[in-house]
Amino acid sequence: VAIIDRYHRKPTIGKGFVKGLGIRHGALATSVNHNAHNLVVLGSDFVSMATAVNRLIDIGGGYVAAQGDEVVAQVELPVAGLLSMESYETVSAKFEALENAWKDRLGCSLDDRPLWTLNFLCSPVVPDYGITNRGILHSSTGKLVDVVL
């Protein structure tokens, strides 16, 4: 996983490892996450991660699932990277396709709303750890911890 600061000229990038999501192929990138709404990319390989992040930038934010150099699903949220001007029905259908792609193409093992899990993974205030653009933060102490112990 990588968290990329999207607000400064020289962005910081926090990196870490996540297990338990079961992603076997590809990557998922998003601009929606608590609390900072930085760019987040989670993936099994760097090519897929780069494809997802670059497409996310191209569409102005939202969610992108990629496998290798192919974008397999996306939800465009161009208003501050958080909102869409499309109809509820259109956005809802895109989210359903994205979650299906994440499970079917990328191999995510979470059954119920896997995107919500990703959104909260980046929160530095949820016990016990959160990943930020500066690295992995221990929520109780407010201190960064090493990625590898």
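General observations
- In this simple spin-label approximation, residue 140 and residue 36 carry label points 7 Å from Cα along the Cα→Cβ vector, and these lie 2.3 nm apart.
- Computed with a 1.4 Å probe on the full set of protein chains, the accessible area for residue 140 sits at about 90 Å².
- Spacing of the two label points (7 Å from each Cα toward its C-beta) at residue 8 and residue 57, in nm: 1.8
- Taking every C-alpha pair closer than 8 Å and separated by at least 6 residues, the mean separation divided by the residue count of the chain gives a relative contact order of 23 percent.
- For the stretch 4-149, the fraction of 1.4 Å probe accessible surface lying on carbon and sulfur atoms is 56 percent.
- Using the Cβ of residue 103 as centre and a radius below 14 Å, the other residues enclosed give a net charge of -2, where K and R count +1 and D and E count -1.
- Ligands, DNA and RNA aside, residue 94 has an accessible area near 50 Å² when probed at 1.4 Å.
- Magnitude of the charge dipole for the stretch 41-126, about its Cα centre and with charges confined to Cβ atoms of Lys, Arg (+1) and Asp, Glu (-1), is about 180 debye.
- Per residue solvent-accessible surface (Å²) - the stretch 70-149, probe of 1.4 Å: 62
- Cα gyration tensor shape for the stretch 7-123, rounded if a/c is under 1.5, else prolate or oblate: rounded
- Taken as entire DSSP H runs, the helices of the chain that both span 18 Å or more between Cα atoms along their own long axis and average 1.0 or more on the Kyte-Doolittle scale are 46-59.
- Rounded to the nearest 10 Å², the accessible area of residue 129 at probe 1.4 Å: 130
- Dipole check for the chain: with +1 at the C-beta of Lys and Arg, -1 at the C-beta of Asp and Glu, and the Cα centre as origin, the magnitude is about 580 Debye.
- Cβ charges +1 (Lys, Arg) and -1 (Asp, Glu), total dipole of the stretch 78-141, debye: 280
- Residue-count net charge about residue 13 - beta-carbon cut-off 15 Å; Lys, Arg +1, Asp, Glu -1: +4
- When the chain is described by a simple charge dipole with +1 on each Lys and Arg Cβ and -1 on each Asp and Glu Cβ, the residue from 61, 148, 130 located farthest towards its positive end is 148.
The values are calculated or read from the model by the stated rules, or taken from the named source; none is laboratory data. Given the structure is predicted, the values throughout are model-derived calculations rather than measurements. Glycine also receives a Cβ, built like all others from the backbone with ideal geometry; neighbour counts cover every protein chain displayed. Side chains are part of the model used for accessible areas, which takes the heavy atoms of the whole protein and leaves out ligands, DNA and RNA. Shrake-Rupley method; radii C 1.70, N 1.55, O 1.52, S 1.80 Å.
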